[in-house]
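Written out below as structure tokens is the structure these notes cover.
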Amino acid sequence: ADEIMHQDIIPLYAADIEDQLKKQFAYLSGGRGGDGCPVITFPDYPAFGEIPEKEFQNVLTYLTSIP
């Protein structure tokens, strides 16, 4: 079973993960897809493979919770 899909999602605030967001390994570019959903951009980030899974989850959870 996919653990990520089965975790309870706890609301995150930018202030809670400020250091993780400053890394800018993922961000909302302001664009929208054909279905109207926001586009999350993953720019070239040299240390992408070294990002701890929890940080990655926190940033994506935060970005996907922004209306």
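The values are calculated or read from the model by the stated rules, or taken from the named source; none is laboratory data. Note that this is a predicted model, so its numbers are computed, not measured. Cβ coordinates were reconstructed from backbone atoms using ideal geometry, including for glycine residues, and neighbour counts include every protein chain displayed. Heads up: the accessible areas ignore ligands, DNA and RNA and are worked out on the full protein's heavy atoms, side chains in. Shrake-Rupley method; radii C 1.70, N 1.55, O 1.52, S 1.80 Å.
Of the numbered criteria (1) surrounded by fewer than 10 Cβ atoms within 10 Å (Cβ to Cβ); (2) of a type in the set (A, V, I, L, M); (3) at pLDDT 90 or above, the one Val59 fails is (1). Inside segment 1-54, can you point out the residues that are modelled with pLDDT under 90, open to solvent by 100 Å² or more (accessible area, probe 1.4 Å) and over 17 Å from Ile66 (Cα atoms)? Those that are modelled with pLDDT under 90, open to solvent by 100 Å² or more (accessible area, probe 1.4 Å) and over 17 Å from Ile66 (Cα atoms): Ala1, Glu3, Met5, His6, Asp8.
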